[in-house]
Amino acid sequence: QVQLVESGGGLVQAGGSLRLSCVASGTILRINAMGWYRQAPGKQRELVAKITSGGNTNYVDSVEGRFIISRDNAKNMVYLQMNSLKPEDTAVYYCNADLTYYRYGYRYTADYWGQGTQVTVSS
């Protein structure tokens with residue numbers, strides 16, 4: 001069974017930094033794109049940053065220059081370094097992975113999500 005588990009959320013003052021981590025585990029053959037999404041109360045979930053297996057990245061405009069996404073393919077991990085945090089960054093952050101895995105001798109490709117980690121930025 002495939003699982004994504006996030007860690008690193010918490011409460012921080014505006015201007016501070018946090019680093020989120022996400023590890024994928026299970027019978028994984030290959031992880032394609034990995035990304036971070038967030039959902040604030042009353043708002044839709046939005047893409048924050050994404051990174052391909054080759055290391056290409058893209059960011060939502062509101063975090064460009066403040067957040068950095070990276071990954072460690074050997075460890076099946078993705079990170080989100082968040083700097084110069086603002087109160088509007090407050091949300092539940094979710095890890096996402098597009099991956100190929102084995103089950104009962106067959107290969108499947110699917111999108112997986114973590115359970116989410118709360119990030120709260122106080123003003």
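The values are calculated or read from the model by the stated rules, or taken from the named source; none is laboratory data. Note that the coordinates shown come from a computational prediction; the quantities given were computed from them, not determined experimentally. Note that each Cβ is placed from the backbone with ideal geometry, even for glycine, and that neighbours are counted across all protein chains shown. With ligands, DNA and RNA removed, areas are computed over all heavy atoms of the protein, side chains included. Shrake-Rupley method; radii C 1.70, N 1.55, O 1.52, S 1.80 Å.
Annotations
- Residues of the range 1-60 satisfying the condition of being of a type in the set (Val, Ile, Thr), in a loop (DSSP other than H, G, I, E, B), touching a residue at least 60 places away in the same chain (Cβ under 8 Å) and open to solvent by 30 Å² or more (accessible area, probe 1.4 Å): 27
- Of 53, 62, all but one fail to be farther than 30 Å from residue 106 by Cβ and hydroxyl-bearing (Ser, Thr, Tyr); the exception is 62.
- For the range 83-105, a tally of residues being under 23 Å from residue 16 (Cβ atoms) and buried (at least 16 other Cβ atoms within 10 Å of the Cβ) returns 8.
- Condition check for residue 108: farther than 23 Å from residue 43 by Cβ, over 11 Å from the mean Cα position of the chain (by Cα) and open to solvent by 80 Å² or more (accessible area, probe 1.4 Å): yes
- Tallying residues that are open to solvent by 50 Å² or more (accessible area, probe 1.4 Å) and over 11 Å from the mean Cα position of the chain (by Cα) within the range 69-82 yields 3.
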